[in-house]
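Peer 1: Handing you this structure, nothing more for now.
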Amino acid sequence: MPSLVLVNLIAPRAGTPVMPSDALDRLRSAGWTIIDRPLERGVASGDLPAWIGPDASAVLSSWGTPTFTPAVHEALPGLRFIGYCAGSVKRVVTPDTFARGVGVSSAAPVIANAVGEYCLSVALWVLRDLGTMSDALAGRAGDPRWVRPPQARSLWGRSVGIVSASSTARRFIDLLRPFGGDIAVYDPYLSEADASAMGVRCAALDEVCAQSVVSVHAPDLAATRGMIGRSQLARIPDGGLFINSSRASAIDYDALLAELRSGRIRAVLDVFPKEPLPADSPFHGLPGVLLTPHTAGFSLDVYLQMGREIVADLLRWQAGEPLRLGVDARRWELLA
C-alpha cells in the first residue's frame, strides 16, 4: 500500500486548510495510507527526510515547505511524487527533482483563476467609482441622492494592456473577452500564433502601458525587476487604471506614488515592496486607489479546490496518466 505524507497543509496567513476531507477520502479509497505531519516552525531542508519518513511514495505540501534538495532526495529514494498545494514551486523543488523522474504538480493554475477574477472585480469597482457611491450612501461623502461620480467609467470596449502572458493574465484575458475591448500583451516569450489563439495582439511594453487599463502579471525574475518605471507609467492615459496583482519588484513604486499623488491615474495594488504595508505608508488614503493585502489569489473555495486538484493529479500519476497540473521542467527558468 503506497504511503502519502501530508506536510503543512494549512495556508499560513489565512489559517485555512487546503485539503478537504472528500479529497482525502478519494485517496484512501485508492489505497493510500495517509500520514499527516504538520510542519513546525524552523524545519529546514535537512530535517525533511526524518520529518517525512523513508517509506513515503508521495508528499503533498503547501506554503512554508523547505526545499527538496538533492540531499533530501538521496535520503528519500522512494519519493516519486510531490504535489504542491500552493503557487510557484521554484523554492520547493530544484531541477534535480525532475532529473530524478519525480512527478511534480503545482496548484498555481487554480490560484490563477482567483487572480483573474480579482482583477476583473477590482477593475469594475474602481472604474465605476463604486467606493465613492458607497461612501455617499453611508453619509460619508455628499448627498447620496445626487452623487454621480465624475470619474465613473465603463470597462465595456476599453483597451487593456497586459504585462506578461502568465497563467493569471490568461485567466483575466478569458474574463475580459465579453467586454469587447482591444487587448494588447507584452511578453517576449509569446508568439504571434499563440497571441492570435488567445484573441489578443502582441505589443511592445511602452504600447501596452499606453492602454486605458494596464494590468501587471509579471513573475519575479531578474529580467522583470524594475521593468515598469517613470517612463512607462507616464504613458498611461489620464483617467487610466493601473493594476498590480503579481509582484512589487516589477514596478518602480516611487514613480508610481508620484503618479498617484497627481491624481492623473487610478490604481489597484495587491502587492508592495514591504509587506504587510505599513500603517504610515503614503499609499494609504490616496483618492482613486484601492489597496488589498496580497490576497488576489485567495478565496475559501479556491483554497479547497487546490487540494482537490492536486489529489486528482496524484491519482493520475498513480494510474500512469498525464498530469493536468504538472510542472514542465523545460520552463524552469521562467517560473516565478
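Peer 1: Amide H to amide H, which residues 5 or more places from Arg128 or on other chains are under 5 Å from it, using H placed in the peptide plane?
Peer 2: Amide H to amide H, under 5 Å and 5 or more residues apart or across chains, Arg128 pairs with Arg153.
Peer 1: Can you compute 3J(HN,Hα) from phi for each residue in region 297-313, using the Karplus curve 6.51 cos²θ - 1.76 cosθ + 1.60 with θ = phi - 60°, rounded to whole Hz and x for Gly and Pro?
Peer 2: Residue by residue, region 297-313 yields x, 9, 7, 4, 5, 5, 4, 5, 5, 4, x, 4, 6, 5, 4, 4, 5 Hz.
Peer 1: Moving on to the next point. Work out the FRET efficiency for Asp254 and Arg26 from their Cβ-Cβ distance, taking R0 = 45 Å, and round it to the nearest 0.05.
Peer 2: Plugging the Cβ-Cβ distance into 1/(1 + (r/R0)^6) gives 0.35.
Peer 1: A follow-up question, please. Enumerate by residue number the trypsin sites (Lys or Arg not before Pro) in region 307-336 meeting two conditions: DSSP loop (anything except H, G, I, E, B), and at most 15 other Cβ atoms within 10 Å of the site's Cβ.
Peer 2: Arg324
Peer 1: For Asp96 and Leu300, compute 0.36 nm times the residue count separating them, minus their Cα-Cα distance, and round to one decimal in nm.
Peer 2: Result: 70.1 nm gained on full extension.
Peer 1: Further question on the same structure: Can you find, among Ser3, Tyr84, Phe298, the residue farthest towards the positive end of the dipole of the chain? Put +1 on the C-beta of Lys and Arg, -1 on that of Asp and Glu.
Peer 2: Of the options given, the answer is Phe298.
Peer 1: Per residue of region 164-171, in order, report the coupling 6.51 cos²θ - 1.76 cosθ + 1.60 (Karplus, θ = phi - 60°) as ³J(HN,Hα) in whole Hz, putting x for Gly and Pro.
Peer 2: For region 164-171, the Karplus curve yields 5, 8, 6, 5, 5, 4, 5, 5 Hz.
Peer 1: With +1 on each Lys and Arg Cβ and -1 on each Asp and Glu Cβ, how big is the dipole of region 111-291 about its Cα centre, in debye rounded to the nearest 20? Can you show the working numbers first?
Peer 2: On the way: 18 positive and 19 negative charges, 87 e Å.
My answer is approximately 420 debye.
Peer 1: Moving to a separate point now. What chymotrypsin sites (Phe, Trp or Tyr not before Pro) does region 98-204 have in DSSP loop regions with at most 10 other beta carbons within 10 Å?
Peer 2: Trp146, Trp156, Tyr189
Peer 1: Nearest 500 deg cm²/dmol is fine: what mean residue ellipticity at 222 nm does the chain get from its DSSP H runs of n ≥ 4 alone, each adding -39,500 (n - 2.57), divided by its residue count?
Peer 2: Estimated from H runs of four or more residues: -9000 deg cm²/dmol.
Peer 1: Subtract the Cα-Cα distance of Ala50 and Ser159 from 0.36 nm times their separation in residues, and report this length gain in nm to one decimal.
Peer 2: Extra length from Ala50 to Ser159 when fully extended: 33.8 nm.
Peer 1: Classify region 125-250 from the C-alpha gyration tensor, please: rounded if a/c falls under 1.5, else prolate or oblate depending on whether a/b exceeds b/c.
Peer 2: It is prolate, given that a/c is not under 1.5 and a/b is the larger ratio.
Peer 1: Considering only Ala107, Ala319, Ala169, give the residue with the highest GNM mean-square fluctuation for the chain, with springs between Cα atoms whenever their separation is below 10 Å.
Peer 2: Ala319
Peer 1: Right, next: What number comes out for the charge environment of Pro2, summing +1 per Lys or Arg and -1 per Asp or Glu over other residues with Cβ under 13 Å away?
Peer 2: Surrounding charge for Pro2 is +1.
Peer 1: Would you please give the residues with an amide H less than 5 Å from that of Ile35, counting only those at least 5 places away or on a separate chain, with H modeled from the backbone geometry?
Peer 2: Long-range HN contacts for Ile35: Leu4, Val5, Leu6.
Peer 1: Something else now. Which residues' amide hydrogens lie under 5 Å from the amide hydrogen of Val104, considering only partners 5 or more residues apart or on another chain, with H built in the peptide plane?
Peer 2: Excluding prolines and chain starts, which carry no amide H, the hits are Ile82, Val327.
Peer 1: I want to verify a result. In a Gaussian network model of the chain, Cα cutoff 10 Å, which of these has the top mean-square fluctuation: Ala58, Ala30, Ala255?
Peer 2: Looking only at Ala58, Ala30, Ala255, the biggest GNM fluctuation is shown by Ala30.
Peer 1: Nearest 20 debye, what's the magnitude of the dipole of the chain about its Cα centre given +1 on Lys and Arg Cβ and -1 on Asp and Glu Cβ?
Peer 2: Computed charge dipole of the chain: roughly 440 debye.
Peer 1: Here is a follow-up. Hey, how many Å between the Cα centroid of region 219-235 and the Cα centroid of region 236-309?
Peer 2: 15
Peer 1: Next up: I need the phi-derived Karplus couplings for region 329-336: 6.51 cos²θ - 1.76 cosθ + 1.60, θ = phi - 60°, integer Hz, Gly and Pro marked x.
Peer 2: After applying 6.51 cos²θ - 1.76 cosθ + 1.60, I find 4, 5, 9, 4, 5, 8, 6, 5 Hz.
Peer 1: Exposure proxy check: His284, His217, His73 ranked by fewest other beta carbons within 10 Å? Walk me through the intermediate numbers first.
Peer 2: Working: His284 11, His217 29, His73 20.
Ascending number of Cβ neighbours within 10 Å: His284, His73, His217.
Every read-out reported here was derived from the displayed coordinates using simple, explicitly stated rules and does not represent laboratory data. What you are looking at is a predicted structure, and each value in this text was computed from that prediction instead of being measured. As a convention, Cβ positions derive from the backbone with ideal geometry for all residues, glycine included, and neighbour counts pool all protein chains shown.
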